[in-house]
Amino acid sequence: MTGVTVRVPAKLNLQLAVGPPRADGYHDLVTVFHAVSLFDEVTARPAGRDAVSVSGEGADRVPEDGDNLALRAVAALRAEVDPGTRADDAGVHITIAKRIPVAAGLAGGSADAAAALVACNELWGAGAGQPQLLEVAARVGSDVAFALLGGTAVGRGRGERLTPALAPATPYHWVLAFADGQLSTPAVYAALDRLRAAEAGGSAAKGGSAAKHGAAEPALDAALMSALRSGDARQLGRALSNDLQPAALSLFPALRKTLAAGLELGALGALVSGSGPTCLFLAASADRALDLAASLSGAGVCRSVARATGPVPGAAVVQAAR
Ligand code: C5P
């Protein structure tokens, strides 16, 4: 086999409820993941040693060494299965064609890692089933497992424990506003911890209960799940929520203007995507999404816009050359 190409989607979080920091530095989450039609393409080919090259949107900001999440995924899968490769072909060259912006709150790096798992599984004929790939994925990063699964799913734990959402196959029409800049996920989580600590301190000083204002145990939003079950875009727009949004706004205040502009232009809902800085907007139809995208790009409140529909399937082989 000369190479395997896998297409993998970006994710949105329709709900992101964040608990207090854990001893391992992560936060327990309850989140509703939603895969959308903005794809990276990842190709794996046999090579003398592991390497990665990246082209496309934000390629210069993706590490091409062992820090690359796709290469970490290759190593994690190799440790799990027998690649059965000859010594001179023991490595894999990963080529990533990026359309998902880097460090944008769309889990682009996790998507590439998930795609690398699927591509190498196929390249090596390793025959790992989805449960085994999901386990390897969860060790590589918090959002990697969802990029394998796709669709709409509830994530718990660090986000890696997934339950597919039972919902009709309603297509939703999204507009994504890409920001001029990036946010680091750990920095946004740290900002949230600081905001919550300050709030709890202030409330304790006033005689209030600190516990009430700190991070509560995260819980799934019943209104959001009901909106998804009924396929009602209006209800869904009202139910979108993200605990990381105040933290992302504190680090990137210009996003307030972006969110407000989208709502003024008729979006059914507006939200910072994951740890940001991409903002997402729900439109009532494909036509409304087209109008909204055009108006938003004319409003000068973001670097660029894209339209996407969801849900779409997770990482899948599009081409296996023999
Ligand atoms: O797992 P991943 O490498 O994608 O996470 C990136 C960073 O985001 C973590 O190092 C951590 O700071 C933060 N994070 C968190 N809680 C989660 C997921 C991510 O604090 N559930």
- Task: Could you point to the residue in Val188, Ser230, Val140 farthest towards the positive end of the chain's charge dipole, with +1 and -1 charges on the Cβ of Lys/Arg and Asp/Glu respectively?
- Result: Ser230
- Global form of the range 52-99, assessed from the alpha-carbon gyration tensor, a/c cut-off 1.5: prolate
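Arranged from highest to lowest average of other beta-carbon atoms within 10 Å per residue, in what order do the peptides 178-186, 163-171 appear? Working shown, then result.
Values: 178-186: 16.7, 163-171: 12.6.
Ranked by mean Cβ neighbours within 10 Å, highest first: 178-186, 163-171.
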- Note on the structure: Computed, not fitted: 222 nm per-residue ellipticity of the chain from DSSP H runs ≥ 4 (each -39500 (n - 2.57)), nearest 500, equal to -11000 deg cm²/dmol
- Round to the nearest 10 and give me the degree value, 0 to 90, for the angle of helix 69-80's Cα axis relative to the longest principal axis of the chain. 60 degrees
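Counting every Cα pair in the range 107-192, what percent are over 16 Å apart?
Values: 2313 of 3655 pairs.
That tail contains 63 percent of the Cα-Cα pairs.
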- Query: How far is helix 108-123 tilted off the main Cα axis of the chain, in degrees rounded to 10, range 0 to 90?
  - Reply: 30 degrees
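In the chain, what is the volume of the convex hull around the alpha carbon atoms, normalised per residue and reported in Å³? Please report the intermediate quantities before stating the final value.
Details: hull volume 42.1 nm³, N = 322.
Output value, Cα hull per residue: 131 Å³.
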- Å³ per residue of the Cα convex hull, for the range 81-141? 96 Å³
- Query: In the range 114-252, if every C-alpha pair distance is counted and binned at 10 Å from zero, what percent goes to each bin?
  - Reply: 10, 26, 34, 22, 7, 1, 0
- Using the C-alpha atoms of the range 244-322, what convex hull volume per residue, in cubic angstrom, is computed? 137 Å³
- Message: Based on alpha-carbon atoms only, what is the radius of gyration of the range 1-151 relative to the globular estimate 2.2 N^0.38 Å?
- Response: 1.02
- Query: Share of the range 5-143's accessible area from carbon and sulfur, percent, 1.4 Å?
  - Reply: 47 percent
- Task: Take every Cα pair under 8 Å in the range 118-177 that's 6+ residues apart, average their separations, divide by the length, and report that relative contact order as a whole percent.
- Result: 19 percent
- Message: In Å², and per residue, what accessible area does the chain have when probed at 1.4 Å with the other protein chains present?
- Response: 42 Å²
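The values are calculated or read from the model by the stated rules, or taken from the named source; none is laboratory data. Please read all numbers here as calculations on a predicted model, not as lab measurements. Please note: Cβ atoms are built from the backbone with ideal geometry, for glycine as well, and neighbour counts cover all protein chains shown. Surface accessibility is based on the protein's heavy atoms, side chains included, excluding ligands, DNA and RNA. Shrake-Rupley method; radii C 1.70, N 1.55, O 1.52, S 1.80 Å.
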